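To keep things clear, I will list the structure first and then write my remarks on it.
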Amino acid sequence: MGEVIVVTSGKGGVGKTTTTANIGTGLAKLNKKVVLVDTDIGLRNLDVVLGLENRIVYNLVDAVEGNCKVSQALIKDKKCDGLYLLPAAQTRDKDAVTPDQMKVLVEELRKDFDYIILDCPAGIEQGFKNAIAAADRALVVTTPEVSAVRDADRIIGLLEANDIKNVRLIVNRLNVEMVKHGNMMTAQDVVEVLSIDLIGVVPYDEKIVISTNTGTPLAGDDSIVGQAYMNLCHRIMGEEVEYLDLESKKGFFAKIGGLFNK
Amino acid sequence: MSQPVLIKGVKSGMVLRLDSEMYFDELLPLITEKFEASASFFGNVKVVLSIEGRKVSEEETSKILNIIRDKTRLRIVAVMTEDKDVEKTFDDKLHAISAVEDKELEKKAAKLEAENKKLLEELQELKGPINGRDAEIHIGSIRSGQSFETSKSLILLGDVKAGAEVTAGGSIFVMGSLLGNANAGAYGDRSAFVMALELDPLQIRIADSLAISEDQGPSRLKGRGLVRTKKKTEFGPEAAEITDGHILIKKYDRSFLENCKFLSQK
């Protein structure tokens, strides 16, 4: 019986889709059967970030409206066995499905997958309502910035009001240099403000921008970011994993570089 | 015949002009229609009804009056017809009916006034100083976009996040961090205060006074925690209270409690 997780944030552009793609990839690499559902109807991105945009024939709205079977709309990932995508429609908008329809769809998917991960759109309107309707638990993504944290707090309030009690925090794009100079909050600061439990910290890394542009998620590769995502996947599965010390890896080279700069 | 039934309002009454030739029974439905259509136009007024155009019998007049009573809110106090006898009959009847209706209306008015008075008294009670011991307890934090209101004092076991607001007729006690907006003394009690374990709000209102937090200047960006203007452990519990016309923040300790006006009220 599958677990249904919604990845949400409130604020746009903080990394929901990137996180969804990488969690999916990571869990699949850990031999789970995963389906990623893009609920951002009209502004779909998950297919792009996974590099599967040229394979879309049917989408979520087709499945919900009965134009096709759900299995016909699923797209198998290029690289990972066990990873599937249910893309959103691009020519419709978020009023094309209702929360009840989402519940029915998700029930069907539960039978065949270990994890059903819903990529939620930004905002708190119909798209959000659709995405959380069938969720068992939520991952709230935020960057360590004031405006993002404010929106995350709103979202957490709404999740609690909709009886989603298992809510965990992912702090994305943590810039260690900025933190050191006192220009950015730490993950712990964010946790304090939002009063929910942390489940993952992903550092800012140019490699992520490259990976989303090329449609090749990097969870599970040997970069720090890749490891951070894998650790996050382990924690999603209930394991306890220590958080990476994001400063130390850079430390050695920074020190050498610093010597020369003086 | 242009219109078999015509209703005209004149200075002190109403004229009902009826066709002289048609059978009365044919006119009845038309009269009904006419009054139905214009009911809202006439409202609830006392009028003298003058029936013109033909002679009407007692029975026919009765029927007309019934229609008017059914379909409109008009109060016919007298009838004028071409037959003085008919007039006389209705004079007394209508007088009596009018008197009864007047009494009913007086009773209703008196009842409403009494209710009104009661509500005003309750409102006065609310506006006045709230018994400091009358408080509502809320368990849980208030998040951004949420709000909580009470007419009494409020004891909150949790935080008020930035973007959230709490309102109380009395004082507010936040057993946690106050990072959002708090409005104490919402009905005008200037002795009310706002207390928190960590008092770092965006805005505080007490009755009609408003205080806002410091703007975050460049020096504030140094150091961690941009969202906070002070660190939790630095200051301990504090309270905001109106002193000399301004909202001031004081340490929340025994001396505050002893000198506080709000709590010394009965």
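A few remarks follow.
- Theoretical FRET efficiency, 1/(1+(r/R0)^6), r = Cβ-Cβ of A:Val48 and B:Ser209, R0 41 Å, to 0.05: 0.15
- For A:Asp100, the accessible surface of its heavy atoms amounts to roughly 100 Å² (probe 1.4 Å, protein chains only, rounded to the nearest 10).
- When accessible surface is computed with a 1.4 Å probe, chains A and B are found to bury approximately 1600 Å² between them, both chains counted.
- Sequence ranges A:224-230, A:158-164, ranked by mean other-Cβ count within 10 angstrom, highest first: A:224-230, A:158-164
- Of the solvent-accessible surface of the protein assembly as shown, computed with a 1.4 Å probe over protein heavy atoms with every protein chain present, carbon and sulfur atoms account for 51 percent.
- Charge sum, other residues only, whose C-beta stays under 14 Å from A:Phe113's C-beta, Lys/Arg counted +1 and Asp/Glu -1: -3
- Calculated P(r) of chain B - Cα pairs past 32 Å, %: 53 percent
- Taking the average, over residues, of other Cβ atoms within 10 Å as the packing measure, peptides B:161-173, A:194-206 rank B:161-173, A:194-206 from highest down.
- Size descriptor, Kirkwood hydrodynamic radius, that averages inverse alpha-carbon separations across region B:5-94, Å: 13.0 Å
- Angle between chain B longest axis and helix B:84-127 axis [Cα atoms, degrees, rounded to 10]: 0 degrees
- Scaled radius of gyration (Cα, divided by 2.2 N^0.38 Å) that region A:22-174 gives: 1.01
- Size check on region A:22-85: the Cα extents along the three principal axes, sorted descending, read 33, 22, 18 Å.
- Among beta bridges that DSSP assigns inside the protein assembly as shown, antiparallel share in %, nearest 5: 25 percent
- Note on A:Ala161 and B:Phe41: their simple-model spin labels are 4.9 nm apart, each label 7 Å out from Cα toward Cβ.
- Remark: the protein assembly as shown carries a charge dipole of roughly 1580 debye about the Cα centre, counting +1 on each Lys and Arg Cβ and -1 on each Asp and Glu Cβ.
- For region A:122-164, heavy-atom accessible area (probe 1.4 Å) falls by no less than 10 Å² from the chain alone to the full protein assembly at A:Val146, A:Arg150, A:Asp153, A:Arg154, A:Gly157, A:Glu160.
- Between B:Ser147 and B:Glu82, the modelled labels are 6.8 nm apart [label points 7 Å from Cα along Cα→Cβ].
- Distance in nm between pseudo-label sites at B:Asp25 and A:Asp95 (7 Å out along the Cβ direction from Cα): 5.7 nm
- Cα-derived Rg to Rh of chain A, Kirkwood definition: 0.98
- Relative to the current alpha-carbon distance between A:Cys68 and A:Ile124, full extension at 0.36 nm per residue lengthens the span by 17.3 nm.
- The residues of the protein assembly as shown expose on average 52 square angstrom of accessible surface per residue, using a 1.4 Å probe on protein heavy atoms.
- Lysine pairs in region B:5-94 whose alpha-carbon atoms fall under 20 angstrom of each other, counting only those eight or more residues apart or on distinct chains, come to 25.
- As an equivalent ellipsoid, the protein assembly as shown spans semi-axes of 70, 40, 17 angstrom, where each value is the square root of five times an eigenvalue of the C-alpha gyration tensor, largest first.
- At R0 = 41 Å, FRET efficiency that the Cβ-Cβ distance of A:Thr216 and B:Glu234 yields, to 0.05: 0.30
- In the elastic network of chain B, a GNM with C-alpha springs shorter than 10 Å, the most mobile of B:Asp200, B:Asp92, B:Asp134 is B:Asp92.
- Among the residues of B:146-153, the average count of other protein chain beta-carbon atoms within 10 Å of the residue beta-carbon is 1.
- Using the average count of surrounding beta-carbon atoms within 10 Å as a protection proxy, the listed peptides A:52-60, A:109-117 rank, highest first, as A:109-117, A:52-60.
- Mean residue ellipticity at 222 nm, helices only, chain A: -12500 deg cm²/dmol; runs of at least 4 DSSP H residues each add -39,500 (n - 2.57), and the sum is divided by the number of residues.
- Length available on full extension from B:Ser255 to B:Glu104: 0.36 nm per residue minus the Cα-Cα distance, which gives 48.2 nm.
- Threshold 50 Å², region A:174-195 residues less accessible with all protein chains present than alone (1.4 Å probe): A:Gly182, A:Glu192, A:Val193
The values are calculated or read from the model by the stated rules, or taken from the named source; none is laboratory data. Fair warning: this is a prediction, and the values are worked out from it, not measured in the lab. Quick reminder, even Gly has a Cβ in these numbers, built from the backbone with ideal geometry, and neighbours come from all protein chains shown. Heads up: the accessible areas ignore ligands, DNA and RNA and are worked out on the full protein's heavy atoms, side chains in. Shrake-Rupley method; radii C 1.70, N 1.55, O 1.52, S 1.80 Å.
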